[in-house]
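Everything on this sheet refers to the single structure shown next.
The values are calculated or read from the model by the stated rules, or taken from the named source; none is laboratory data. What you see is a predicted model; the values in this text were computed from it and never measured. Note that we place each Cβ from the backbone using ideal geometry, even for glycine, and neighbour counts take in every protein chain shown. Ligands, DNA and RNA are stripped out before the accessible areas are found, and what is left, the full protein with its side chains, is counted by its heavy atoms. Shrake-Rupley method; radii C 1.70, N 1.55, O 1.52, S 1.80 Å.
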Amino acid sequence: MNYHEGLIKNTEFFTTSELAKKLKMNVQVITRKVQSGEITAYKIGKDWRIPEISVFEWLEKNSNKTGIKKGRPKLVIESSSEKQPKKQGRESANHKYLMEYILAQFEPGRSYTKDEVVRIINRYDQNHSTLLQEFISENMLQKSSKGYHRFSGYKLSD
């Protein structure tokens with residue numbers, strides 16, 4: 001993971017027990033994966049801190065999706081007048097998964113400011129304006145006078 005400005009400010013860190021609880025796994029299993037380097041983490045004193053992006057990368061690497069290029073999907077913006085995102089080849093099948101993974105970071109029933117939305121999206125892709133428009137057009141997020149919130153009628157894929 002390369003450092004870029006704002007990494008610490010925009011990244012959520014988990015302890016091994018927090019991650020184990022979130023993934024419904026045994027804390028010893030998570031600890032072994034961290035100690036072996038399978039999940040990238042930082043040892044601070046006696047405790048490990050696991051950045052959220054490391055968890056995402058580990059999950060992607062261990063995904064059962066075959067034939068899909070490993071890593072985060074990238075959006076390519078065409079230089080046409082439409083300026084619509086074009087999903088590259090095999091990655092288009094993974095794009096919805098990425099969108100739903102990001103959407104899951106938004107708590108249902110909570111309103112978010114635009115800065116909060118941008119901060120969450122930027123953890124996964126720096127093209128926040130395009131993704132925000134996609135979230136709205138796909139009825140995943142809604143904008144109201146109170147800010148942005150997760151659309152209650154959108155059901156995540158299994």
*Out of (1) closer than 21 Å to SER129 by Cβ; (2) under 18 Å from the mean Cα position of the chain (by Cα); (3) at pLDDT below 90, what's the single condition that is false for LYS70?*
(1)
*Under the condition of being part of a loop (DSSP other than H, G, I, E, B) and at pLDDT 90 or above, which residue from the range 11-35 is most open to solvent (accessible area, probe 1.4 Å)?*
LYS24
*Here are GLU52, GLU82, GLU38, GLU57: which of them is open to solvent by 80 Å² or more (accessible area, probe 1.4 Å) and either touching a His at 6+ places or on another chain (Cβ under 6 Å) or at pLDDT 50 or above (or both)?*
GLU57
